[in-house]
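One structure is given here, and the rest of the page talks about it.
The values are calculated or read from the model by the stated rules, or taken from the named source; none is laboratory data. Just so it is clear, the model here is predicted, and its values are computed rather than measured. Positions of Cβ are generated from backbone atoms using ideal geometry, with glycine treated the same way; all protein chains shown enter the neighbour counts. To get the accessible areas, we keep the full protein, side chains included, count just its heavy atoms, and leave off ligands, DNA and RNA. Shrake-Rupley method; radii C 1.70, N 1.55, O 1.52, S 1.80 Å.
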Amino acid sequence: MARPLYSPVSTGLRGRCVKCAEGSLFAGFLAFAKRCQACGENFEIEDAGDGPAVFVIFLAGIIICPLALIFHIKTNAHIIVTMLVWGPILIAFCLALLRPLRGLMLNLQIANDAAEARLDEDV
Ligand SMILES: [Zn+2]
């Protein structure tokens, strides 16, 4: 199998196919297309599972939660106000990162020929 010509990081973050950098990885906001519309690369092998969501949760925990705590402590705001201000920010942050990280994980999987380990494969 030939190696991809494009960086899985730059194409994945932009939601583009790692083989041709033209076709979109996505058929919806988060749903992957079955195949690349430009080159026909198969995207049904996607097996990232919860990987992108875990990275998003880690980043939200590192970035957003301390900012919300600082806001709460510095402004002495009621907890409901803090939740109303930072809840939408947290949701927007997670939604903004989830799609690029899903694209990145799929492209890294394709670029590295990553698959579930099996005992019966010939090496
Ligand atoms: Zn393609």
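Among the residues in region 67-76, are any of a type outside the set (Ser, Thr, Tyr), out of contact with any helix residue (DSSP H, G or I) (no Cβ under 7 Å at 6 or more places or on another chain), part of a helix (DSSP H, G or I) and in contact (Cβ under 8 Å) with a residue 12 or more places away in the chain?
Let us first name the residues in region 67-76 that are of a type outside the set (Ser, Thr, Tyr), namely 67-74, 76.
Of the ones still in play, those that are also out of contact with any helix residue (DSSP H, G or I) (no Cβ under 7 Å at 6 or more places or on another chain) are 67, 69-70, 73-74, 76.
Next, only the ones that are part of a helix (DSSP H, G or I) stay: 67, 69-70, 73-74.
Of the ones still in play, those that are also in contact (Cβ under 8 Å) with a residue 12 or more places away in the chain are 67.
Yes, region 67-76 has at least one match.
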Item to complete: For region 65-75, state whether one or more residues are within 18 Å of the chain's Cα centre (by Cα) and open to solvent by 60 Å² or more (accessible area, probe 1.4 Å).
Response: no
Item to complete: Test each condition in (1) out of contact with any helix residue (DSSP H, G or I) (no Cβ under 9 Å at 6 or more places or on another chain); (2) more than 16 Å from the ligand (Cβ to nearest atom); (3) open to solvent by less than 40 Å² (accessible area, probe 1.4 Å) for residue 56 and report the one that comes out false.
Response: (1)
Practice prompt. Read through the list (1) touching a helix residue (DSSP H, G or I) at 6+ places or on another chain (Cβ under 8 Å); (2) open to solvent by 80 Å² or more (accessible area, probe 1.4 Å), then give the number of the only condition that residue 90 fails.
Written response: (2)
Worksheet item: Residues of region 25-42 being more than 9 Å from the ligand (Cβ to nearest atom), open to solvent by less than 30 Å² (accessible area, probe 1.4 Å) and more than 14 Å from the chain's Cα centre (by Cα), which ones?
Response: 33
Response to the item:
By residue number, the members of region 5-24 that are open to solvent by less than 30 Å² (accessible area, probe 1.4 Å) and either in a loop (DSSP other than H, G, I, E, B) or within 12 Å of the ligand (Cβ to nearest atom) (or both) are 11, 15, 17, 18, 20, 21, 23, 24
